[in-house]
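The values are calculated or read from the model by the stated rules, or taken from the named source; none is laboratory data. Note that the coordinates shown come from a computational prediction; the quantities given were computed from them, not determined experimentally. For neighbour counting, all protein chains shown are included, and Cβ atoms are generated from backbone atoms with ideal geometry for every residue, glycine included.
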Amino acid sequence: MADTDPDLPDELLALRGSIDNLDAAIVHIMAERFKFTKRVGELKAAHGLPAADPERERRQITRLRALADQADLDPEFAEKLLNFIVSEVVQHHLRIADNHNHAAPGQR
C-alpha cells in the first residue's frame, strides 16, 4: 500500500514505494525458498536423514557472510537472518519427519 500523503516529499514517497516493492519481492522469494526446503524435508524424511545439517549450515553462514560483506551489508545481520530462516526450516523438517513416521507404511 503506497503512501499518498501530499505533505510528504516526493522523494520520500518514491523511496517508500521502492521499499514496499522490495518487501513484496522478499515475501515471494521466501515463499519460493520454502517450497524447495519443504521438498528437502520430504526427501530427508523418506531417507531417514536428520532434520538439521549443522555442517551445511556452517558452510552457508560462511558463504552468506562473505556475500553480505561484498554487498556492503552487515555480515552479522546476514548471519542472524540465515539462522532465523534455518531454525524455521528445521522446525518444518521435524514436522514433516513426524508426519512421515506416523504415516501408514504404504503412504510413505
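Look at (1) at pLDDT below 95; (2) touching an Asp or Glu at 6+ places or on another chain (Cβ under 7 Å); (3) assigned to a helix (DSSP H, G or I) and you find that HIS100 fails only one, number (2).
Contact annotation: residue pairs with Cβ atoms under 6 Å, 6 or more positions apart or on different chains, pairing a residue in segment 17-40 that is over 30 Å from ASP5 (Cβ atoms) with a partner that is assigned to a helix (DSSP H, G or I), are THR37/VAL89. The residues of segment 44-60 that are in a helix (DSSP H, G or I) and surrounded by 12 or more Cβ atoms within 10 Å (Cβ to Cβ), listed by number, are LYS44, ALA45, ALA46, GLU57, GLN60. Taken as a whole, the structure leaves ARG63 outside the set of residues that are loosely packed, with under 11 Cβ neighbours inside 10 Å and either under 20 Å from ARG33 (Cβ atoms) or in contact with a helix residue (DSSP H, G or I) (Cβ under 9 Å, 6 or more places away or on another chain) (or both).
With respect to the conditions (1) of a type in the set (Asp, Glu); (2) more than 30 Å from HIS102 (Cβ to Cβ); (3) loosely packed, with under 11 Cβ neighbours inside 10 Å, ASP74 lacks only one, and its number is (3). VAL89 meets each of the listed conditions (1) among the aliphatic types (A, V, I, L, M); (2) out of contact with any Ser or Thr (no Cβ under 8 Å at 6 or more places or on another chain); (3) part of a helix (DSSP H, G or I) apart from (2).
The rows are residues; the columns are (1) over 21 Å from ALA46 (Cα atoms); (2) free of Cβ contacts under 8 Å to residues at least 12 places away in the same chain; (3) of a type in the set (A, V, I, L, M, F, W, C).
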residue: ARG59; (1), (2), (3): yes, yes, no
residue: LEU73; (1), (2), (3): yes, yes, yes
residue: PHE77; (1), (2), (3): yes, yes, yes
residue: HIS92; (1), (2), (3): no, no, no
residue: ILE96; (1), (2), (3): no, no, yes
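Of all the criteria given as (1) loosely packed, with under 14 Cβ neighbours inside 10 Å; (2) touching a residue at least 12 places away in the same chain (Cβ under 8 Å), the one not satisfied by PRO9 is (2).
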